[in-house]
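Chemist: Before I ask anything, here is the structure I am working with.
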Amino acid sequence: MHLQRLELQGFKTFAKKTSLDFSAPSKDRHALTVIVGPNGSGKSNIADAIRWCLGEQSMKMLRGKKSEDIIFSGSEGKGRSGMAEVTMTINNSDKAMPVDYIEVVITRRLYRDGQSEYLLNGKAVRLSDIQLLLAQAGVGQRTYSVVGQGMIDHVLTASPEERKIFFDDATGVRGLQIKRHQAMLKLQKASDNLAEVEMLLAEISPRLRSLKRQVKRLEKREVVEVELKEIQNKYFGGLWSQLQIELSKADTKLESIEKRIAEKQKELKDGDKQLLELEKQSSKEDKSKLRAKAHDAYKKAQAQLQSVRQEQFEAERALELAKVKAQSNWAPLPLSNILDELKSITTDQEQALKDLKSVKDIDALTKITDAIENIFKRAKQLRGRLTKPNPEDFKPDKAMLKVIADSKDKIKKAQVDLKAAEAEMDQANKQDGTDKTEIFSFQRKLREIQSELHQIENQSNQLNIEKVRVETRIEGLEREMREEVPERIKEIKNTPSSSILSERSESKDLLNLENLRSKMLDLKHKLELIGGIDEETVTEFEETKERHDFLDVQVSDIREAIQKSEKVIDELDSNIQSQSEKVFKQINKEFQKYFKILFGGGSCGLIKMKQDEVEKENKITLDRAMEALAQDQIEEIEEDENSVSAIMKRVKKRKDHVAGIEIQATPPGKRLKSLNLLSGGERALTSIALLSAIMATNPSPFVVLDEVDAALDEANTVRFANILDELQKLTQFIVVTHNRATMEHADLLYGVSMGDDGVSNLLSVSLSDVEKNGTARR
């Protein structure tokens, strides 16, 4: 693999399209290309172009301040360029790059609007793709592949951490390091995502548990509601059917009694007519008038008795209605009201007990006694409101009782008047001396009919009262159903009684209905304890659970990704360590060899530094010391290896085993001292020795050296040229120089000049052709 061609257009001083062709390697060595030219001609721009095409992002490394500085800015004789383009053609016949191209063409363009693009064999790619491909081939734009002007001793003046990047390229593990860096980024991102998802789960989990409890209560409430609906249907349906049966029975009995009343009234009316006919046939008119008078008094007494009995019936009917309404209107207190009243009573009891303990005089004791009596009264009232009233416990209105008592007194008086009228009739009959046996018998018969009629009417009144009681209970039942089951009233009323009430005795049916009512009240009490739950709770629970399950799956996936990333990093660390260790030892050995060649003796060495050794060179502040102490104390606490904090700690600890590289160099006749104290020439020689060691151990496919021999004297220039000649067996060199000794070893010589228009121009000379044919190839 070698650099075959370089094309520049619009890059710095190369305004015109300029091409540099490089010779292919021979069997035993690579060609040495030397670029020469006066100061300011633009020869170093060729090295900058190669560095830029390889992906350099630092304008400082390219000797500029902003990106448009690398685009030809124009001159008096030529206008500025709109873009800069550099194309490198690399011969990949040995497949050093893992791509299916014999020639790999890398192009980088930059436009003045800031837009840039990378092309690989004409196809757009990312910078990271270019960098990874070059790293796999052992080429890097920031290390020893391109050594810019004045950068030869950069590796000496760099920090140990910066030198490590240099040696990663030198040991050939840069590609692995890029992969490791990408894996570390994925691991860091996955760890951050895991912490974020865990935080979301921590926020959602309490809400999910709360919603789950509410949904369970809602499910329990639904079960209770279904059972309550069934009990309500049975209770209201059974009670409705029972009351309808009772009403039907009362109507049937009333219908029968009303027929009997009508018959008796007809008999009584017909008897009165017959009695009048018999009396008309009687003699002694004055005696007949006496009987008629007595008969009229009797009729009047009967009418009065009938009126008073109707009044008593109305009063008793009103009393029964009041009793039924009192039963129907009773309802148990809501649980919240009961709890509030009990809390109030308990608070008053505690206060009374506290006052009783601290009482000091009789007046205070009297107040406490009144307070205790008030508490007892309130407790009794509460118990009364909690207990369903019995019909026997009903206390009717005094006015109503007075009406009933007055009607009873009037009945007694009317009965006395009736008996007096009967006695008067008997006396009138006795005074009449005629034979009136038939009339007297008929009168007695009418009185018997009247008495039977009174008894039947009493029965009718009782049945009417019973019917009114049933009708009132039906009204109360309808009112209760409108409150409890308004949407099912029609269904309950239309339910056949045979499906609710069994053919058992009435007492057993009543007992069953009481049990149903008791169970219904218990279920309603359970619903009160459960409380009201929003129907949207189920929807919210399902949405929250779905999100929780999604996040839970994400946690599992992230943890799996973290484990895979850690496994990849461990494998890469193992490969990096095994490969770099062997190559590093060889570089160290070669470094000592070339150091002695260039200096004629002395000693040098490369030392790997761990993280703690690198940190010792930095100033350790009090804050950092306290932070480290706190971190040590935290690490002593045992943690779950799968916890977020443990994973984050592993991410932080996954640093390179080697944090930096220390270089030691002692020229002959001097003591070991800091690299910063070496002279410019000594630093250049040390850097060349190190670069030569790397080339001898792990050569790059091509190396660009920009005036690295500028600080060397003539003797060291010759040594440097000899080293290049030796290393040409391993790699291709492109050298920008002013030194004649280096030019003498060149196979291909490019001269760079600049005209009045400020544009760099090229002149090439193939020295190998000169040696063979005596002519130069332009």
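Chemist: Please go through region 28-61 and pick out each residue that is closer than 20 Å to LEU132 by Cα and of a type in the set (Val, Ile, Thr).
Modeler: Selection gives ILE50 alone.
Chemist: Next question, about the same structure. Taking region 75-92 only, how many residues are in contact (Cβ under 8 Å) with a residue 24 or more places away in the chain and surrounded by fewer than 14 Cβ atoms within 10 Å (Cβ to Cβ)?
Modeler: Within region 75-92, residues that are in contact (Cβ under 8 Å) with a residue 24 or more places away in the chain and surrounded by fewer than 14 Cβ atoms within 10 Å (Cβ to Cβ) number 3.
Chemist: Output the number of the condition that LEU527 fails; it satisfies all remaining conditions of (1) modelled with pLDDT under 80; (2) open to solvent by 40 Å² or more (accessible area, probe 1.4 Å); (3) part of a helix (DSSP H, G or I).
Modeler: Checking LEU527 against (1) modelled with pLDDT under 80; (2) open to solvent by 40 Å² or more (accessible area, probe 1.4 Å); (3) part of a helix (DSSP H, G or I), the one that fails is (2).
Chemist: Going through region 677-695 one residue at a time, which ones are open to solvent by 30 Å² or more (accessible area, probe 1.4 Å) and assigned to a helix (DSSP H, G or I)?
Modeler: Selection gives LEU677, GLY680, ARG683.
Chemist: Scan region 1-15 for residues that are charged (D, E, K, R) and buried (at least 16 other Cβ atoms within 10 Å of the Cβ) and jot them down.
Modeler: GLU7, LYS12
Chemist: A further question follows. Give the residue, chosen from GLU392, GLU448, that is open to solvent by 30 Å² or more (accessible area, probe 1.4 Å) and either in contact with a Pro (Cβ under 8 Å, 6 or more places away or on another chain) or at pLDDT 65 or above (or both).
Modeler: GLU448
Chemist: State all residues of region 664-695 that are among the polar types (S, T, N, Q) and touching a strand residue (DSSP E or B) at 6+ places or on another chain (Cβ under 8 Å); if no residue qualifies, say none.
Modeler: Scanning region 664-695 gives GLN664, THR666, THR686.
Chemist: Which of the residues belonging to region 270-281 are at pLDDT below 75 and assigned to a helix (DSSP H, G or I)?
Modeler: Scanning region 270-281 gives GLY271, ASP272, LYS273, GLN274, LEU275, LEU276, GLU277, LEU278, GLU279, LYS280.
Chemist: To continue, here is another question. Is there any pair linking a residue in region 46-63 that is farther than 22 Å from THR33 by Cβ to one that is in a helix (DSSP H, G or I) and among the acidic types (Asp, Glu), with Cβ under 8 Å and at least six apart or on different chains, and which?
Modeler: Between residues of region 46-63 that are farther than 22 Å from THR33 by Cβ and residues that are in a helix (DSSP H, G or I) and among the acidic types (Asp, Glu), the close pairs are MET59/ASP69.
Chemist: For region 593-615, give me the residue count where each residue is at pLDDT 60 or above and out of contact with any helix residue (DSSP H, G or I) (no Cβ under 8 Å at 6 or more places or on another chain).
Modeler: 8
Chemist: Would you confirm whether any residue within region 248-269 is of a type in the set (Asp, Glu), open to solvent by less than 90 Å² (accessible area, probe 1.4 Å), assigned to a helix (DSSP H, G or I) and closer than 28 Å to LYS524 by Cβ?
Modeler: no
Let's see how each residue does on (1) part of a strand (DSSP E or B); (2) surrounded by fewer than 13 Cβ atoms within 10 Å (Cβ to Cβ); (3) on the phi < 0 side of the Ramachandran plot; (4) within 47 Å of the chain's Cα centre (by Cα):
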| site | (1), (2), (3), (4) |
| --- | --- |
| ALA96 | no, no, yes, no |
| LEU110 | yes, no, yes, yes |
| GLN131 | no, no, yes, yes |
| LEU134 | no, no, yes, yes |
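Chemist: Restricting the search to region 200-211, which residues are open to solvent by 70 Å² or more (accessible area, probe 1.4 Å) and more than 10 Å from the chain's Cα centre (by Cα)?
Modeler: ARG209
Chemist: Which one is nearest to ARG63 (Cα to Cα) among residues in region 700-743 that are of a type in the set (D, E, K, R) and not in a helix (DSSP H, G or I)?
Modeler: ASP706
Chemist: What do you reckon, is ALA561 modelled with pLDDT of 85 or more and either closer than 27 Å to LEU185 by Cα or part of a helix (DSSP H, G or I) (or both)?
Modeler: yes
Chemist: Which of the residues that make up region 15-42 are without any contact (Cβ under 8 Å) to a residue 12 or more places away in the chain and among the basic types (Lys, Arg)?
Modeler: Across region 15-42, the qualifying residues are LYS17, LYS27.
Chemist: Scan region 146-182 residue by residue and report those that are in a helix (DSSP H, G or I), touching a Gly at 6+ places or on another chain (Cβ under 7 Å) and either open to solvent by less than 40 Å² (accessible area, probe 1.4 Å) or free of Cβ contacts under 8 Å to residues at least 40 places away in the same chain (or both).
Modeler: Answer for region 146-182, where residues must be in a helix (DSSP H, G or I), touching a Gly at 6+ places or on another chain (Cβ under 7 Å) and either open to solvent by less than 40 Å² (accessible area, probe 1.4 Å) or free of Cβ contacts under 8 Å to residues at least 40 places away in the same chain (or both): PRO160, ARG163, LYS164, ASP169, ARG174.
Chemist: Counting only residues that are among the acidic types (Asp, Glu) and not in a helix (DSSP H, G or I), which one in region 26-58 is surrounded by the most Cβ atoms within 10 Å (Cβ to Cβ)?
Modeler: Filtering first and then ranking leaves GLU56.
Chemist: Filtering region 747-776 down to residues that are closer than 26 Å to VAL718 by Cβ and at pLDDT 90 or above, which residue is surrounded by the fewest Cβ atoms within 10 Å (Cβ to Cβ)?
Modeler: Restricting to residues being closer than 26 Å to VAL718 by Cβ and at pLDDT 90 or above, the top hit is GLY751.
Chemist: Now a separate question. Would you point out which residue out of ALA15, ALA24 is within 26 Å of LEU132 (Cα to Cα) and either of a type outside the set (D, E, K, R) or at pLDDT below 90 (or both)?
Modeler: Testing whether each residue is within 26 Å of LEU132 (Cα to Cα) and either of a type outside the set (D, E, K, R) or at pLDDT below 90 (or both) leaves just ALA24.
Chemist: Out of the residues in region 1-25 that are in contact with a helix residue (DSSP H, G or I) (Cβ under 6 Å, 6 or more places away or on another chain) and assigned to a strand (DSSP E or B), state the one that is farthest from SER81 (Cα to Cα). Spell out how you get there, then give the answer.
Modeler: Here is the first cut: in region 1-25, the ones in contact with a helix residue (DSSP H, G or I) (Cβ under 6 Å, 6 or more places away or on another chain) are 8, 11-13.
Subset that is assigned to a strand (DSSP E or B): 8, 11.
Numbers: LEU8: 12, PHE11: 9 Å.
This residue is LEU8.
Chemist: Out of the residues in region 183-196 that are in contact (Cβ under 8 Å) with a residue 40 or more places away in the chain and open to solvent by 20 Å² or more (accessible area, probe 1.4 Å), which is nearest to GLN579 (Cα to Cα)?
Modeler: The selected residue is MET184.
Chemist: Out of all the residues in region 697-742, which are among the β-branched types (Val, Ile, Thr) and open to solvent by less than 40 Å² (accessible area, probe 1.4 Å)?
Modeler: Within region 697-742, THR697, VAL703, VAL704, VAL708, THR717, ILE723, THR731, ILE734, VAL735, VAL736, THR737, THR742 qualify.
Chemist: Go over the candidates GLN214, GLN232 one by one and state the one that is modelled with pLDDT under 85, open to solvent by 20 Å² or more (accessible area, probe 1.4 Å) and in a helix (DSSP H, G or I).
Modeler: On inspection, the qualifying residue turns out to be GLN214.
The values are calculated or read from the model by the stated rules, or taken from the named source; none is laboratory data. The structure displayed is predicted, hence computed values, not measured ones. Methodologically, a virtual Cβ is constructed for each residue, glycine included, from the backbone with ideal geometry; neighbour enumeration extends over all protein chains shown. Calculation scope for accessible area: heavy atoms of the full protein, side chains included, ligands and nucleic acids excluded. Shrake-Rupley method; radii C 1.70, N 1.55, O 1.52, S 1.80 Å.
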